[in-house]
Every structure is written in structure tokens, then in C-alpha cells.
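Structure first, then comments.
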Amino acid sequence: MKAMILAAGLGKRMRPLTLDTPKPLLKIAGIPLIEYHIRRLVDAGFNEIVINHAWLGDKIEAYLGTGERFGADISYSREDAPLETAGGIRKALPLLVSSDDESFLVVNGDVFTNYPFAQLASQASCAPHVVLVNNPEHNPAGDFFVNRGKLDLVEGEKLTFSGVSVLPASMFAPLELGAKHALGPILRSCTAKGLVSAERYDGFWADIGTPERLKYVDTLVREHKINGF
């Protein structure tokens with residue numbers, strides 16, 4: 001199964017840090033956010049990685065290259081302007097789809113987590129699977145209900161989408177190529193049909209959405225309160 005790191009955001013909430021540095025290259029304990037993902041994915045057996053980018057994407061390519069030094073084979077999906085999550089995945093589909101797998105792992109480039117990606121290797125099916133976490137302070141209402149191992153729109157425990165998932169190509173193939181498409185409405189449509197399986201992760205997870213959160217996680221890693229690698 002291939003993996004995709006979503007790295008095409010403009011990083012507006014992180015300014016001025018992202019005026020000349022793309023958000024995925026902001027550093028935690030001296031290491032770019034995106035490098036943590038790549039090393040963890042490779043350690044979990046996902047060495048074919050697709051990265052989409054838009055804002056300052058040439059800097060991402062310059063830093064990561066082909067991925068050889070990480071033991072990865074990295075391909076890039078370049079966007080002239082961000083296409084949102086589902087639109088970016090739609091554009092990258094030719095790089096993600098293989099004859100062996102109907103699905104691929106997706107992880108947001110602006111989260112920091114020690115989630116064990118190897119657990120998702122068995123989720124290569126035609127149905128979407130998402131990882132959820134406890135609701136953080138910045139998202140107290142959560143995103144989705146979880147009911148008996150599936151996403152639910154009505155009842156269950158309300159949790160926050162972690163940005164980690166395994167998604168089938170069939171979810172995105174019908175979308176207009178090159179147009180903006182959000183992932184949320186597509187997930188909700190699949191949820192209404194009872195198609196989305198879910199798991200809860202109680203380990204470390206943080207959305208690096210503000211300079212304050214970046215500094216907080218940087219401190220935790222430097223003080224060895226959470227696992228860096």
C-alpha cells in the first residue's frame with residue numbers, strides 16, 4: 001500500500017513562520033514535521049510515498065529529494081493552488097493507485113503523532129477507515145460520532161478526526177480533476193451509508209495549527225516527554 005502526505009496548505013495561521021518556509025518544513029526538536037512522518041511510515045513498511053504541495057513546494061522537494069536517504073521512494077503531486085484535501089488526492093490518484101491495492105494511507109502533513117502506522121497495513125480494502133482521537137482544546141465538539149467501530153452521524157462518542165486514514169481510490173475517481181474538493185462532505189456521505197470503519201487512538205497526537213502548538217510540541221519532544229522517533 002502506498003502512502004500520501006498532505007502538504008499543500010498555505011499555513012496562514014502559522015505566519016510569520018510560513019512566509020518563507022512551508023509548514024511541513026517547520027521543525028520539532030530540529031527536525032522538519034514532514035520528516036517525522038516519512039521516517040515513521042518507512043519504519044512501518046510504507047516506503048512508496050506521494051506528497052502534494054503548493055505553497056513553496058520547491059523547498060519541500062529540495063529538502064526531501066527522491067526520499068532515498070530515508071529509505072523511501074517519494075513522488076510529488078504539484079498544485080498551482082491548493083485544491084483542498086479531496087481535490088489534492090484526486091489529482092494525485094495516478095501516483096497512488098497500483099494494481100495491487102485499492103486503497104492508500106493518508107496523513108495530514110501538519111499533525112504530529114506517534115501513531116503506529118503499521119496497524120493500517122491490514123486495512124487495504126475498498127472501504128474507508130479513519131483514526132480518531134480525543135477532542136483537543138481547539139476542537140471541543142469533535143468531528144464524528146463513533147458507534148460500534150464505525151463513523152456515525154447521529155449517535156455514539158464524539159471524537160476528532162486525526163488526519164490519519166486509509167481511503168479507497170473509488171472515493172475520489174468521480175471528482176472533477178483540478179477542482180477544489182473538501183474531504184469532510186465525502187466522508188459524511190460514506191458515513192451515512194455505513195461504510196466508514198473507525199478506531200480511536202489514545203497515544204500522542206497534536207494538530208500543529210498555530211505557532212503556540214508548534215512550540216508546545218517542540219518542548220515535549222526536546223524534554224523527552226513524548227517519543228520523537
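The values are calculated or read from the model by the stated rules, or taken from the named source; none is laboratory data. Since the structure is predicted, the reported quantities are computational estimates derived from the model, not experimental observations. Neighbour counts run over all protein chains shown; Cβ positions are idealised from the backbone, glycine included.
Okay, here's what the table says:
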item	result
Residue count for region 169-203, restricted to those that are assigned to a helix (DSSP H, G or I) and closer than 16 Å to residue 146 by Cα	7
Single condition residue 62 does not satisfy, out of (1) surrounded by 17 or more Cβ atoms within 10 Å (Cβ to Cβ); (2) assigned to a helix (DSSP H, G or I)	(1)
Selection from region 122-136 of residues that are modelled with pLDDT under 95, touching a strand residue (DSSP E or B) at 6+ places or on another chain (Cβ under 9 Å), farther than 8 Å from residue 168 by Cα and loosely packed, with under 15 Cβ neighbours inside 10 Å	136
Count of residues meeting criterion [β-branched (Val, Ile, Thr), farther than 25 Å from residue 219 by Cβ and in contact with a strand residue (DSSP E or B) (Cβ under 7 Å, 6 or more places away or on another chain)] in region 29-55	3
Test: residue in region 41-62 that is among the acidic types (Asp, Glu), over 25 Å from residue 213 (Cβ atoms) and touching a residue at least 12 places away in the same chain (Cβ under 8 Å)	yes
Those strands (runs of 3 or more DSSP E) lying entirely in region 83-168 with at least 2 residues within 16 Å of residue 199 (Cα to Cα) and hydrophobic (A, V, I, L, M, F, W, C)	103-108, 129-133, 144-147, 157-168
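Condition check ((1) surrounded by 13 or more Cβ atoms within 10 Å (Cβ to Cβ); (2) farther than 25 Å from residue 13 by Cβ; (3) within 20 Å of the chain's Cα centre (by Cα); (4) among the hydrophobic types (A, V, I, L, M, F, W, C)) across all residues:
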residue: 174; (1), (2), (3), (4): no, yes, no, no
residue: 180; (1), (2), (3), (4): yes, no, yes, no
residue: 185; (1), (2), (3), (4): no, no, yes, no
residue: 198; (1), (2), (3), (4): yes, yes, yes, yes
residue: 203; (1), (2), (3), (4): no, no, yes, no
residue: 207; (1), (2), (3), (4): yes, no, yes, no
residue: 225; (1), (2), (3), (4): no, no, no, no
residue: 228; (1), (2), (3), (4): yes, no, yes, no
